[in-house]
There are 2 protein chains.
Amino acid sequence: MPKMKVLNGNMLIAQSGGPTAVINQTLVGAVLQARNHGCIEKVLGAKHGIQGILNEDFVNLGRETEANLEKVAQTPSSALGSVRKKPTAEDCEKIFEVLKKYNVRYFFYIGGNDSAETTHIINQAARKAKYDFRCFHLCKTIDNDLRQNDHTPGFGSAARFVASAFMGDNQDNRALGGVKINVIMGRHAGFLTAAAALAKVHPDDGPHLIYLPERAFSMAKFAKDVKAVMKEYGRCVIAVSEGICDSKGQPIIAAHTKEVDSHGNLQLSGTGALGDILADELKQRTGISRVRADTFGYLQRSFPGVVSPVDAKEARSVGTSGVKFAVKHFSDGSVAIQRKPSKRYAVTFERVTLKSVAKETKHMPAKFIHKDGNQVTDAFIDYVKPLVGPLPVIGRLKDYSVAKQK
Amino acid sequence: MPKMKVLNGNMLIAQSGGPTAVINQTLVGAVLQARNHGCIEKVLGAKHGIQGILNEDFVNLGRETEANLEKVAQTPSSALGSVRKKPTAEDCEKIFEVLKKYNVRYFFYIGGNDSAETTHIINQAARKAKYDFRCFHLCKTIDNDLRQNDHTPGFGSAARFVASAFMGDNQDNRALGGVKINVIMGRHAGFLTAAAALAKVHPDDGPHLIYLPERAFSMAKFAKDVKAVMKEYGRCVIAVSEGICDSKGQPIIAAHTKEVDSHGNLQLSGTGALGDILADELKQRTGISRVRADTFGYLQRSFPGVVSPVDAKEARSVGTSGVKFAVKHFSDGSVAIQRKPSKRYAVTFERVTLKSVAKETKHMPAKFIHKDGNQVTDAFIDYVKPLVGPLPVIGRLKDYSVAKQK
């Protein structure tokens, strides 16, 4: 790795975008690592991402005890507060003025691809002004859709929640029958929805059908698929991504909601609309009477106590690695998790360019999606299994037969 | 306790109504206890409650190993399958014929108040026919609405899920702001919704507002309450029972769904409709832009790995006690959990009459509901806390201030 000159100054860290169950592990990893480097003077946190920088709304993280930070690390959702804001050119100028005023030489922004884009813009402004500055994006997103990353912190825990939920819900559906639709987060990438497949213990377990945003969704095909499963198992559990679109790329939910954020993203979460649309259509098209839909919603990303140990550990390392890179090796970049090609699961933490992570999202590769477009492949199971940790035990009665009395 | 004569014959057990996370503990408790009594010959399970009796769809639980039963005990949702069916007079006759045909002398039906009613009807038929028969209802319901019970098996684990979910969701709302509505199960009784209050760690934590079916719900009052919380905290987390009704007793969701089960119950779960109705109304009435609604749905009752240890233990004891009562002390009844008036939490398992548990539901007593009708009292917290087990650690940054630079 290259070696950078010593740069003295303050550090600023902030969190952005949708929270995760382990995003504070990354924060705490970075804050504790900073304490090992004399060149980092004050350690500041901005409240609510770049909004806090614009408002000079800072907290002193240097005064936090390690014991309290460790409690924060275990707590889901962004402890510094989050924001969904794309900075304007004017914002960037202002942000940059603030960074200079507080002698911030180390900047870390924890977020997804939108946040990587923001970090990239701020970094470009600093380069243009020849401001000596170390600027890093620290990856997180339950969607698992960041380029350059094998997977992202937050995904493993959200996947663990989704898989656990389906394990229980499959039992619920076995008990009461009918069709159960569960709508999972993931705007453009189906990884989290696909993780529902980990719930399968027995061959007849759900999810029997999995619909991802990577494949065009057709109501007619959907109804046909469900009828086939009902015929085989007498019940049907379905995982559907909130982001499913028709063959023209129009989100299925689009007719029913119009709210967009400042990145132009449509509101998909925090509403049960998609589940209800699908349930109603299915009842009409198939005549099946018991059709239920749940939308897992924000529980997926912020549920305490259902955390993947691997995910928590890796999220911590992303924070630690970011600070090490910034102090010693690179002026800017994003910390990416890459998987070693070894048989036993292992990862490395690499520095990649901001631009290579920013804006665009990664999708489920074709090898992970079954050719019928309504299930995942074994290759996906192999990929996702090490990320979630051991799942709950699911027992089943052996159903020893009883001879009918005459 | 009275002493009954020895009655030799077979045992039949079944599960009914909405599943819970610990309903199989009760099943396994009863099945293992039966092995201690020579008078109980075969131990049969009926698939899908009384439907399985009508169809003579039985499994031999006597052949199950203890090891497999212990796995089943840990698994959420009814392992024998469940049913929502109110038997007709004709059904009762048929059920009774089947019981006689299989020499069933011990019958246990695990369920809520509707199932207690079914057990009562079957028992009456047996008495009328002078059939020597031990007939017990074993309580369960996440709604916690059974008369004669301090609380019911399944409630503690569901309450643990709801409280955990609110702990995480409160952090999510702190990070991103706005209004968050979470719709909780509970048709007529608000206990489970009220359990969300356990999520409060700091005085400004949500849920800031709690709406229960025991108090008339007014949209205007709701909007006013939310505006007041937004003014005080700049954000608002709300727990709403799926069963909230207006001042005329009309469910708020009623205009939007018409599906009823054979007990005449309206479909409230498995749809996000109520949350969306409330979110839309709130946006219109207050002008608040970020309003999100999640419906926790079936996750509340069947999530594996989020089980209250107290609840699991008590559910097991209900099964054990039921068999003991039936073999030695009573010809019929329901097993009720009653709390000792001691300072330290302790319960006893009592036999109560079937009729006293059947049909009608228990509501949140007035002493548990804040006079404003939008929060719970400390008395409720004292009541519910021992039932859920230790909750996750929630940490928070100390927010040490940073002097503004000029």
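Among the residues making up the stretch B:348-360, those that are of a type outside the set (Gly, Ala, Ser) and crowded, with 19+ Cβ neighbours inside 10 Å are B:351, B:352, B:354, B:357.
Does residue B:125 satisfy the criteria of being closer than 23 Å to residue B:40 by Cα and either of a type in the set (D, E, K, R) or in a helix (DSSP H, G or I) (or both)? Criteria met by residue B:125. Total residues in the stretch B:129-157 satisfying the condition of being surrounded by fewer than 24 Cβ atoms within 10 Å (Cβ to Cβ) and within 12 Å of another protein chain (Cβ to nearest Cβ): the figure is 0. Tallying residues that are of a type outside the set (Val, Ile, Thr) and either at pLDDT below 95 or surrounded by 23 or more Cβ atoms within 10 Å (Cβ to Cβ) (or both) within the stretch B:326-340 yields 5. All of (1) surrounded by 20 or more Cβ atoms within 10 Å (Cβ to Cβ); (2) in contact (Cβ under 8 Å) with a residue 40 or more places away in the chain; (3) of a type outside the set (Lys, Arg) hold for residue B:391 with one exception: (1). Among the numbered conditions (1) closer than 19 Å to residue B:58 by Cβ; (2) part of a strand (DSSP E or B), the only one that residue B:115 does not meet is (2).
Please count how many residues of the stretch B:201-223 are in a loop (DSSP other than H, G, I, E, B), under 22 Å from the mean Cα position of the chain (by Cα) and closer than 22 Å to residue A:299 by Cβ. Qualifying residue count for the region: 2. Test residue B:310 against the criterion of being more than 23 Å from residue B:177 (Cα to Cα), surrounded by 24 or more Cβ atoms within 10 Å (Cβ to Cβ) and of a type in the set (A, V, I, L, M, F, W, C), and give yes or no. Taking the combined requirement at face value, the residue does not satisfy it. Residue A:101 fulfils the conditions (1) at pLDDT 95 or above; (2) within 14 Å of chain B (Cβ to nearest Cβ); (3) within 27 Å of residue B:171 (Cβ to Cβ) except for a single criterion, (3). The set of residues from the stretch B:38-81 being out of contact with any helix residue (DSSP H, G or I) (no Cβ under 8 Å at 6 or more places or on another chain) and among the basic types (Lys, Arg) comprises B:47, B:63, B:71.
For the stretch B:374-393, filtered to residues that are assigned to a loop (DSSP other than H, G, I, E, B), touching a Lys or Arg at 6+ places or on another chain (Cβ under 8 Å) and within 22 Å of residue A:74 (Cα to Cα), the residue that is farthest from the other protein chains (Cβ to nearest Cβ) is B:389.
Count of the stretch B:61-97 residues, restricted to those that are more than 12 Å from chain A (Cβ to nearest Cβ) and of a type in the set (Gly, Ala, Ser), is 1. Scanning the stretch A:27-49 turns up one or more residues that are within 11 Å of chain B (Cβ to nearest Cβ), among the small types (Gly, Ala, Ser) and in contact (Cβ under 8 Å) with a residue 40 or more places away in the chain. Residues in the stretch A:358-369 that are not basic (Lys, Arg) and not in a helix (DSSP H, G or I): A:358, A:360, A:361, A:363, A:364, A:365, A:369.
Determine which single condition residue B:239 fails, assuming it passes every other condition in (1) assigned to a helix (DSSP H, G or I); (2) at pLDDT 90 or above; (3) among the small types (Gly, Ala, Ser). All conditions are met except number (1). With the structure loaded, tell me whether residue A:44 is at pLDDT 95 or above, in contact with a strand residue (DSSP E or B) (Cβ under 9 Å, 6 or more places away or on another chain), among the aliphatic types (A, V, I, L, M) and in the same structural domain as residue A:145 (by TED's automatic domain parsing) or whether it fails that test. When the stated conditions are applied, residue A:44 passes them. Going by the conditions given, is residue A:160 charged (D, E, K, R), in contact (Cβ under 8 Å) with a residue 24 or more places away in the chain and surrounded by fewer than 24 Cβ atoms within 10 Å (Cβ to Cβ)? Criteria not met by residue A:160. Looking across the stretch B:268-311, the residues that are acidic (Asp, Glu) and within 10 Å of chain A (Cβ to nearest Cβ) come down to B:276, B:280, B:294.
The values are calculated or read from the model by the stated rules, or taken from the named source; none is laboratory data. It should be emphasised that the depicted structure is a prediction, and the values quoted were computed from it without experimental measurement. Neighbour counts run over all protein chains shown; Cβ positions are idealised from the backbone, glycine included.
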